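Inspection log for the structure reproduced underneath, given as structure tokens.
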Amino acid sequence: MKKLSVFFFSALLLFGCNTNEQATDTSEIEDTEMMAADDTMNTDDTTMDGPKDIVALASETPSLSTLVQALQAADLVGALQGAGPYTVFAPTNEAFAALPAGTLDNLLKPENKQQLADILKYHVVEGNVKSTDLSNGMSAKTLNGADLKVMLDGSSVKINDANVTMPDVEASNGVVHVIDKVMMPPSGR
């Protein structure tokens, strides 16, 4: 009976949204589509040369442009275009913007390249770790050498204190999980 109620409600909602009126102003629809496109990663993972690598996927995702800029500043682009496989926990532009004022600008300076590289390597794990491979309380060693902690709560996944907002974006050389926070490695790393 519950399934029938859900089906009926879904059908009612679907048919209730379908009207015969034509929209006269399409700019609102186009703006909504553009905003939705900005928030998603391009998961069409093929190019004329084959599947896209992690950096190519991130480069085509507007909400990860700061990450790409940071990878370039830290000279890590080539490494993440390599064979891998790698698992990358990719902070969004908003995650970088939430850092204390001036932090990102300071990290992007050439003299802080090693510190930036250490932070970015703290977001990368060797191997192809999908969300189905995660278990509550597990830890994973990063390329930085420090461990990340995984916490599962129902359908939500946390890596340290960052929420996974888009899991399992496949690349030719690994997988990307988009997160909402820049994770700082433990002191002494």
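The values are calculated or read from the model by the stated rules, or taken from the named source; none is laboratory data. In this text, all values refer to a predicted model and were calculated from it rather than measured experimentally. Cβ atoms come from the backbone with ideal geometry, glycine included; neighbour counts cover every protein chain shown. Ligands, DNA and RNA are stripped out before the accessible areas are found, and what is left, the full protein with its side chains, is counted by its heavy atoms. Shrake-Rupley method; radii C 1.70, N 1.55, O 1.52, S 1.80 Å.
Quick notes on this one:
- Any chance Asp180 is touching a helix residue (DSSP H, G or I) at 6+ places or on another chain (Cβ under 7 Å), in contact (Cβ under 8 Å) with a residue 40 or more places away in the chain and among the acidic types (Asp, Glu): yes
- Selection from the range 118-138 of residues that are open to solvent by less than 70 Å² (accessible area, probe 1.4 Å) and more than 18 Å from the chain's Cα centre (by Cα): Asp118, Ser135, Gly137, Met138
- Test: residue in the range 149-159 that is out of contact with any helix residue (DSSP H, G or I) (no Cβ under 7 Å at 6 or more places or on another chain), outside any strand (DSSP E or B) and surrounded by fewer than 19 Cβ atoms within 10 Å (Cβ to Cβ): yes
- Put simply, of Asn112, Asn106 the only residue that is open to solvent by less than 60 Å² (accessible area, probe 1.4 Å), farther than 15 Å from Ile179 by Cβ and assigned to a helix (DSSP H, G or I) is Asn112.
- In the range 123-148, the qualifying residues are those that are assigned to a strand (DSSP E or B) and of a type outside the set (Asp, Glu), and the one that is farthest from Val68 (Cα to Cα) is Ser139.
- All of Ala98, Ala83 fail the test of being under 26 Å from Lys52 (Cβ atoms), surrounded by fewer than 16 Cβ atoms within 10 Å (Cβ to Cβ) and in contact (Cβ under 8 Å) with a residue 12 or more places away in the chain, apart from Ala83.
- For the range 139-148, residues that are open to solvent by less than 60 Å² (accessible area, probe 1.4 Å), in contact with a Leu (Cβ under 9 Å, 6 or more places away or on another chain) and of a type outside the set (A, V, I, L, M) total 2.
- Conditions (1) modelled with pLDDT under 95; (2) in contact with a Leu (Cβ under 8 Å, 6 or more places away or on another chain); number of the one not met by Gly127: (2)
- Asn173 being surrounded by 15 or more Cβ atoms within 10 Å (Cβ to Cβ) and without any contact (Cβ under 8 Å) to a residue 60 or more places away in the chain: no
- Residue list for the range 176-189, filter: surrounded by 19 or more Cβ atoms within 10 Å (Cβ to Cβ) and of a type in the set (Lys, Arg): Lys181
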